[in-house]
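Structure record follows, encoded as structure tokens.
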Amino acid sequence: MAMKKKRYALVIDSRKCINCKACVVACKAENNVPIGNFRNRINEERKGEYPKLSINFEPEQCHHCADPSCVRVCPTGASWQRKDGIVLVNYDECIGCRYCMVACPYDARYFNEAEGVVDKCTLCRHRVDKGDIPACVETCPSKVRVFGDLEDTTSRVHELLSTRRYRVKEPQTGNGPQLYYLL
Amino acid sequence: MFTLRNFSGFFSDTLRLVTKGGRLYYAWVGFLLLLIAIGAGAYIGQLKDGLIVTKMRDQVSWGFYIGNFTFLVGVAAAAIMLVIPAYIYDWEPIKEITILGEMLAISALVMCLGFVMVDIGRPDRFWHIIPLVGRLNWPQSMLAWDVIVLNLYLLLNWFVVTYLLFCAYTERHYVKKLVLPLVLLSIPMAVSIHTVTAYLYNGLAARPFWNSAILAPRFLASAFCSGPAILLILLQVLRKTTRLSIKDEAIFKVAELMAYTMGFNLFLTAAEAFKELYSGTEHMVYFQYLLFGLKGHTTLVPYAWASILCGLAAFILFLVPRTRTNWVTLNIGCVLIYASVYIEKGMGLIIPGLTPDVLGDIYVYRPSFTEIAVAAGIFAIGFLVFTLMLKAAVPMMLGEFTITKGRTSAEAPPQQI
């Protein structure tokens, strides 16, 4: 198979989210995330009072930005980005200075107390590299998350972003986030 | 060869000087060693249990350690406050005390590097950020820049101080062609260490509180009043306890310069506060948290106002010639400036930068006992370094202790060259 340029992204239809937190649990189980830490979360937004009220759920995790500030600030190069866009931490290089956590506009990283290093969502690279999809995407019962390659014009993410309106979070930080929220 | 032999004599005599002293000297060093022991004990606990023993969490991932680091970089930079008038304007009364400023810079840098060391989660990997040894993410990372300039500045000051003292010890005049360029180089170096430290915060679009163009000028302005504040008190102590003669006019001149920098610092702070509060964008929340409190959390409010009021009071004390030249008000002013800048460039900078966090939540950070004990230990290390350097340097600077003088008759002086 010819090596083609890839750019992984997640498209999120947050209106479908029912806050079951299956994605959070699946991620913890899949990646052996320490107790007390999470690599993804569901933000809640409550509005109004009974009977006029609403609640919105919005899943969030690392945005695997196009120009990630966490990678830029890392003093040792432990924070790095693959060619396909996945932002990772090389745990053996990390000195635990937490500059990347301060630089991240999305609070996507956490400090792994036991290891003394910073940790984060890997977009389940071990699954993605086998052609699988990330655990949070696979487990979602209401199909909120769509994972795919933006460079592949036949992919579902490409189709969604071409045909639907969407927004990204904190675009003013210049990070170029790759978590697309459908409107 | 002679130089080498003299240098080993210089080294052993320095050791002899710092190990012999009066009762007060031993008491002071003993007190510092006790603090260091307490700090070391707390740090061992932190090494064993991890950073969880601090109150830093994912929301506020930098705290007391990095706050002290930032403040002390300013103190280190402030050595040039004395070098500039001495060498640019050739103002003699200050010239003799610039070496004290350089020694203060060395001590402050030792503390800075100490605070970085205790803050990192994997201190066993600190060599990753040593220039040439590790693999620094340079020029991209501002932290990599900071490590480089801080180490260069430390090296520069260490060399100049050692060289000047060695010349004094061997009773030779220093080579002006060597010292002058190095001292002049230390001026842009001092500006650069604090600028780079400001950029460390400044470059983060994710943290609007720091993402302001006047952050670096504010850093420099506050540093140039806090560093000399420490020196002014120190100079008075040295005048009393040693035969080092420091003219009154030198002290008053430095105080006058401090008035200007403090005034400028207050102006910059006001400019920043006006921009944030008057335009009232969503970035205002950080200033609000600092100055007025947010959602019922007012932890920082008394500190923030204390900092502003102390700065203002000190500015007036140092601006008016009568209070500037009165020892009581001068020393009160120094303490006020120290307090003001310590709050402003320490916790007053770090905490509102991270609170509220990017999700809008407030995690109230207060340093734990471990953090305070470790910080006390590092400050004690810095003071110890400074004390030992002064103990050896002052008699050499005064010409009381050289290769031929200052020994008891039992100790034979080394061979003359």
Does A:I35 fit the bill of being surrounded by fewer than 19 Cβ atoms within 10 Å (Cβ to Cβ), of a type in the set (V, I, T) and free of Cβ contacts under 8 Å to residues at least 60 places away in the same chain?
yes
Just one listed residue, out of A:S162, A:S155, is out of contact with any Leu (no Cβ under 7 Å at 6 or more places or on another chain), surrounded by fewer than 16 Cβ atoms within 10 Å (Cβ to Cβ), without any contact (Cβ under 8 Å) to a residue 12 or more places away in the chain and more than 14 Å from chain B (Cβ to nearest Cβ), and it is A:S162
Within region A:118-152, residues without any contact (Cβ under 8 Å) to a residue 24 or more places away in the chain and either over 30 Å from B:G50 (Cβ atoms) or within 14 Å of chain B (Cβ to nearest Cβ) (or both) come out as A:D129, A:K130, A:G131, A:D132, A:I133
A careful count of residues in region B:103-142 that are within 15 Å of A:E93 (Cα to Cα) and either at the interface with another protein chain (Cβ under 7 Å from one of its Cβ atoms) or under 17 Å from the mean Cα position of the chain (by Cα) (or both) gives 12
When (1) touching an Asp or Glu at 6+ places or on another chain (Cβ under 7 Å); (2) more than 18 Å from B:D119 (Cα to Cα); (3) more than 8 Å from every other protein chain (Cβ to nearest Cβ) are applied to A:N32, the one that fails is (1)
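Quick check on region A:31-39. Is at least one of its residues outside any loop (DSSP other than H, G, I, E, B), of a type outside the set (K, R) and in contact with a strand residue (DSSP E or B) (Cβ under 6 Å, 6 or more places away or on another chain)? Lay out the reasoning, then the answer.
Step one: filter region A:31-39 for residues outside any loop (DSSP other than H, G, I, E, B), giving A:31.
With of a type outside the set (K, R) added as a condition, the list becomes A:31.
Still in the list and also in contact with a strand residue (DSSP E or B) (Cβ under 6 Å, 6 or more places away or on another chain): none.
Scanning region A:31-39 turns up no residue that is outside any loop (DSSP other than H, G, I, E, B), of a type outside the set (K, R) and in contact with a strand residue (DSSP E or B) (Cβ under 6 Å, 6 or more places away or on another chain).
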Looking across region B:159-195 at residues that are of a type outside the set (A, V, I, L, M) and not in a helix (DSSP H, G or I), the single one that is surrounded by the fewest Cβ atoms within 10 Å (Cβ to Cβ) is B:H173
A careful count of residues in region A:82-102 that are more than 8 Å from every other protein chain (Cβ to nearest Cβ) and either surrounded by fewer than 23 Cβ atoms within 10 Å (Cβ to Cβ) or among the polar types (S, T, N, Q) (or both) gives 10
Residue hits (region A:103-117; more than 7 Å from every other protein chain (Cβ to nearest Cβ) and surrounded by 23 or more Cβ atoms within 10 Å (Cβ to Cβ)) are A:A108, A:R109
On the given criteria, is B:L266 assigned to a helix (DSSP H, G or I) and under 15 Å from B:V364 (Cβ atoms)? no
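Just a yes or no: is a residue in region A:44-51 at pLDDT 95 or above and within 14 Å of chain B (Cβ to nearest Cβ)?
If we filter region A:44-51 for residues that are at pLDDT 95 or above, which is where we start, we get none.
There is no residue in region A:44-51 that is at pLDDT 95 or above and within 14 Å of chain B (Cβ to nearest Cβ).
The values are calculated or read from the model by the stated rules, or taken from the named source; none is laboratory data. If you're wondering where the values come from, they're calculated on a predicted model, not measured in any experiment. Cβ coordinates were reconstructed from backbone atoms using ideal geometry, including for glycine residues, and neighbour counts include every protein chain displayed.
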